[in-house]
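Asks: Sharing a structure here in structure tokens format.
Nothing in this text is a laboratory measurement; each read-out follows from the coordinates by a stated rule. This one's a predicted model, so the numbers in the text were calculated from it and none came from an experiment. So basically every Cβ, Gly included, is an ideal-geometry build from the backbone, and we count neighbours across all protein chains shown.
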Amino acid sequence: MALWSIKRMALALLVCGVGLSSTRAAEPIRVGAVLPFSGGVELYGQQAKLGLDLAAKEINAAGGILGRPIEVIYADDKTRPPSAEDAMRKLIADGVVAVVGPITSANLNAVVPIAESSKTPLLYATNYEGGKCSRYVFSFSTVPNQDMGQLLPYMNQTFGNTYFLLGADRVWPHQMFDIAKPLIEKLGGKVVGTQYTLGTETDFTPLIAQVAAAKPKVLLFALKGDGIDFIRQADEKGLFKETTVAFLGLSEIDLGIFRGKGQDMYTAVPSVATSDDPAMTAFVAKVRARGGADVLVSNYVMTHYNTLIALKAAIEKAGKVDKEAIIDALAGLVFPSPTGTVTIDQNHYVTMNMFIARTQGSELVTVRALGQIAPQPGCKLADR
């Protein structure tokens, strides 16, 4: 065939769209991430990014999704609801097919209406108080029956049945304690005190004295970020000689703040970095190969990693990159994770393996593997 004929044929194919189709197939699938990289809880945003970056790298190395690479676009929500709203709107305007994040409950509450109005899947991978179901929101971490509901019976049986509830004056601690009180009563326990901090405290001496005077066997603790130094001060004043901490939302990323204090505190988590399970060991090694040999690997890394693994499986199940089709494919999806299979139920919460863990040195160590725990979100999608 003459050279000019070949050129004319190639031009004709381009005009008919064959070449354009091939070009389009290589366009990245854009996923947004609204996370805190400033404002007070940026450690958790950085952990989330470790998981997302690893998942994106693995997905792209394996050929992408339907032949297209995945691209994660990050936006700093500055740990403030107005900033989270702005970030969410910008990402949607940029054409993302889904958004991962945020971290705090206040920011989650701020961006859910935007996800719903734009019909964009929101993949939330932080421990959650639950109680809300939406077609456009998927929870990839724990709800209260999966963490607190497992932790309290263990504490009650092992350490005693009197409790002091101490949390930050924020959405998540208030709602978790509202759920904790009837659980404690059902266990035959008693709440001997409840207190919330304002986030401005630096000297916790009066609060430590208040807790000590109540003589609880268990301190149910829901302080993060600006209040976490309570642990070091309380340990130095001897509070934990008679009282054991049940720490809600504790992860490896928090442990450095304790400066070696706060040993033998207990929590319930969806992963433990020191696990000797081969799959979890391999996952931690991969994270550290990218982030550095000394990088901390918390459950925030794993749950955010899981969001993209699930998104890939959903898009491939749907056979197309379409928001509504992705949502339909995510419901009921079963996908692999570093700790075993995860199942997304019809209300968009997940069944997954859970573990009781305690602080030991600068690490969390497994106390008891609980197996698969199904969520009780306190809502049904049909309710909306």
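Asks: Roughly what % of Cα-Cα distances in the chain sit above 29 Å, to the whole percent?
Replies: Values: 32291 of 73536 pairs.
For the chain, the fraction of Cα-Cα distances above 29 Å is 44 percent.
Asks: Another question about this same structure. Once both axes come from the Cα atoms, what is the angle between helix 42-61 and the longest principal axis of the chain, in degrees from 0 to 90, rounded to 10?
Replies: Helix 42-61 sits roughly 30 degrees off the main axis of the chain.
Asks: Oh, and also: Given a Förster radius of 41 Å and the C-beta distance between ARG232 and ARG368 as r, what FRET efficiency does 1/(1 + (r/R0)^6) yield to the nearest 0.05?
Replies: Numbers: r = 27 Å, r/R0 = 0.65.
It comes out at approximately 0.95.
Asks: Taking 7 Å along the Cα-to-C-beta vector as the label spot, tell me the ASP277-GLU58 distance in nanometres, rounded to one decimal.
Replies: Result for the modelled spin labels: 1.3 nm.
Asks: In a GNM of the chain with a 10 Å cut-off on Cα contacts, which of VAL171, VAL284, VAL143 has the highest mean-square fluctuation?
Replies: Of VAL171, VAL284, VAL143, the most mobile in the Gaussian network model is VAL171.
Asks: Sticking with this one: Could you list HIS174, HIS348 so that the one with the fewest beta carbons within 10 Å of its beta carbon is first and the one with the most is last?
Replies: Working: HIS174 16, HIS348 25.
With the fewest neighbours first, HIS174, HIS348 line up as HIS174, HIS348.
Asks: Hey, what angle do you get for helix 278-291 against the long axis of the chain, alpha-carbon based, 0 to 90 degrees rounded to 10?
Replies: Around 70 degrees separate the two axes.
Asks: Return the inverse of the average 1/r over all pairs of distinct C-alpha atoms in region 86-129, which is the Kirkwood hydrodynamic radius, in Å to one decimal. All intermediate terms of the calculation are to be shown ahead of the outcome.
Replies: Working: mean 1/r = 0.0952 Å⁻¹.
Kirkwood radius, region 86-129: 10.5 Å.
Asks: Further question on the same structure: What is the total of Lys pairs in region 148-248 with C-alpha atoms under 16 Å apart, excluding same-chain pairs fewer than 8 positions apart?
Replies: Details: LYS181/LYS190; LYS181/LYS217; LYS190/LYS215; LYS190/LYS217; LYS215/LYS237; LYS215/LYS241; LYS217/LYS241.
So the count of such lysine pairs works out to 7.
Asks: Taking θ as phi - 60°, what are the ³J(HN,Hα) couplings along region 142-159 by the Karplus curve (6.51, -1.76, 1.60), each to the nearest whole Hz, with x for Gly and Pro?
Replies: Calculated HN-Hα couplings, in order: 7, 10, x, 5, 7, 9, 4, x, 8, 6, 4, x, 5, 5, 4, 6, 8, 10 Hz.
Asks: Using the alpha-carbon atoms, what tilt in degrees (0 to 90, nearest 10) does helix 299-318 show relative to the longest principal axis of the chain?
Replies: So the helix axis and the longest Cα principal axis differ by about 30 degrees.
Asks: Taking the inverse of the average 1/r across all pairs of different Cα atoms in region 148-248, what Kirkwood radius in Å do you get? Don't skip to the answer; put the middle values down first.
Replies: Details: mean 1/r = 0.0745 Å⁻¹.
Computed over Cα pairs of region 148-248, the Kirkwood hydrodynamic radius comes out at 13.4 Å.
Asks: Report, for the chain, the % of DSSP beta bridges that are antiparallel, rounded to 5. Numbers along the way, then the final one.
Replies: Working: 18 of 50 bridges.
Percent antiparallel among DSSP bridges in the chain is about 35.
Asks: Amide H to amide H under 5 Å from THR244: which residues, 5+ apart in sequence or cross-chain, H placed 1.01 Å off N in plane?
Replies: Close amide H contacts, sequence-distant or interchain: VAL218, LEU219.
Asks: For ALA285 and ASP264 in one chain, what is 0.36 nm times their gap in residues minus the Cα-Cα distance, to one decimal in nm? The partial results should precede the final answer.
Replies: Numbers: separation 21, 0.36 × 21 = 7.56 nm, distance 2.56 nm.
That pair, ALA285 and ASP264, stretches by 5.0 nm at full extension.
Asks: Using the alpha-carbon centroid of each, what span in Å lies between region 313-360 and region 137-197?
Replies: 26
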